[in-house]
Amino acid sequence: MTGKFEAFLFALFFTFWCVRLYYKLYDKKIRKYILSIGVLIVFWMFVRMSKGIVCNVTMERYIWYLYYVALIFTPALFYICSKYILGKLTKKQKYLIYGISSILLLLVLTNDLHELVFIFNNTLSDYDNYKHNIGYYLISGWIFYLFGGAMISLAKDRIKVRKNLKAYLPLIVLLVGFIYNVLYVLNVSIIRDINMSVFNSALICVGLELMFYLGLIPNNSKYIKAFENSHLSILISSYDGKIIYKTKYNVHANDFLKDISKGKIKEHYKYGDIHCDIIKNKDGYVFLERTLTELNKIRNEVAKNKKELLKQKDILIKEEKNKKELTEITTRTETINKIENKLNEKRIEAEKLLNGNINKDTLSKIKKIIIYSKKKSMLIISEINNEIFSSESIKVICEELFKSMNEAGLLIVKDKININANTMNKIYDILYELISNDDDLAIMAYFYKDKGLKLKIIINKKIDIKNKNIKAKIKTYDNDTEYIFNVGEL
């Protein structure tokens, strides 16, 4: 395989590697520096290919000089990048590194004038026959100083956070590069047969990948935008208090970050309705913020609605009394007959209870029958009068039933609805059927629309429905039972 073809294959490989770097790095400045290194390596490969294509000896020599663009500025960019990662980069430092590197590159490009970098034994035309001069050793020293200094600084910083000597492994790659270049200068034939540009470029890639793997260079977080836009209020920091990730939502982490520097971290932080938990992992801390504002808001809203419902209850009682007085004489007979039939059913039921053993439970059931009969009479009148019940009316009637029968109950009407008295009667019978079967119930009921009006009831016990006219879908959980009833059309 010729040197040109070998350089071409590696140029393709390094190009794909550059694309991978873009998706591997999330910090814009780190990405800029590391991608620039990748571009310099690809440039080096194309320069290496060009050297064997041109026929002019002078052009070949200057193309050879251009190798040092990548050789000098790759470590310079890497050193500046390391200072940025450590938070120690200043403009003065950056300009100094670029300045010295530019002077050394200029020294190479003008070598024909002074031969301070390469001394040609015969003539400039025979540039393959040369010796290294002091300029070359200055450049080599500068390269290894930048690479070594950057690697050691990043390793020390990493060890402060996580005690692991693996952080110094990239120095082995640098040592291999140093030994190779020493043997190259000593003109060892086996080393000279190796493509120097490909070998050094490959070493740089291996070194960077090793630093990615060890976490010396922040990477593998292309999902940072998704994390920032999360609805969670969360912050992730290192053990020394440096913020690694943070969502856009408000995170009250100032006290926590101060406590890290003091070495006195609490497990929980509280700011009014905001509760914050600290979770420790192998790399640092996770600060998770939870707010109870919405929950307290709902509680206040429920209390406010309860007061309003009590007012509505009094209003409805007065309205019912007025409606009863205005009922037409022609409908009274039908109403009274229907009431009498219903009361007769309950009377028979009460008599059966009285004929048995009279105890506290029996008296409780008779009391419930009386309460039911009283309200049921009014609902039957409403049905004959074709009355319509609004969401608030439904809530009042059901809450009144819970209260009068001394049961803990909550009714929620999810949507604004209006139902006729027939549907209201069904609902009342359903609730009574469940309440009358047991005492000390905790009931939560709410309406929703799903191909008609549905009533879902959750009770802390399982109750068998004895009334055959009442049908329900029943689901049983560990401690609760769910009943779903079709109560009417909308």
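A short reminder: the numbers here are calculations on the coordinates, not readings from a lab. Note that this is a predicted model, so its numbers are computed, not measured. Glycine gets a Cβ as well: all are built from the backbone with ideal geometry, and neighbour counts include every protein chain shown.
Here the calculated FRET efficiency for Glu6 and Val185, from their Cβ-Cβ distance with R0 = 35 Å, stands at 0.95, rounded to the nearest 0.05. Kirkwood-type hydrodynamic radius, the range 371-412: 11.1 Å, calculated from all non-identical alpha-carbon pairs. Between their Cα atoms, which of Lys367/Lys451; Lys318/Lys374; Lys375/Lys468; Lys29/Lys262; Lys94/Lys166; Lys323/Lys451 are more than 26 Å away from each other? Beyond 26 Å: Lys367/Lys451; Lys29/Lys262; Lys94/Lys166; Lys323/Lys451.
Would you mind checking Lys270/Lys395; Lys297/Lys395; Lys321/Lys473 for any pair whose Cα atoms are more than 31 angstrom apart? Violating the 31 Å Cα-Cα cut-off are Lys270/Lys395; Lys321/Lys473.
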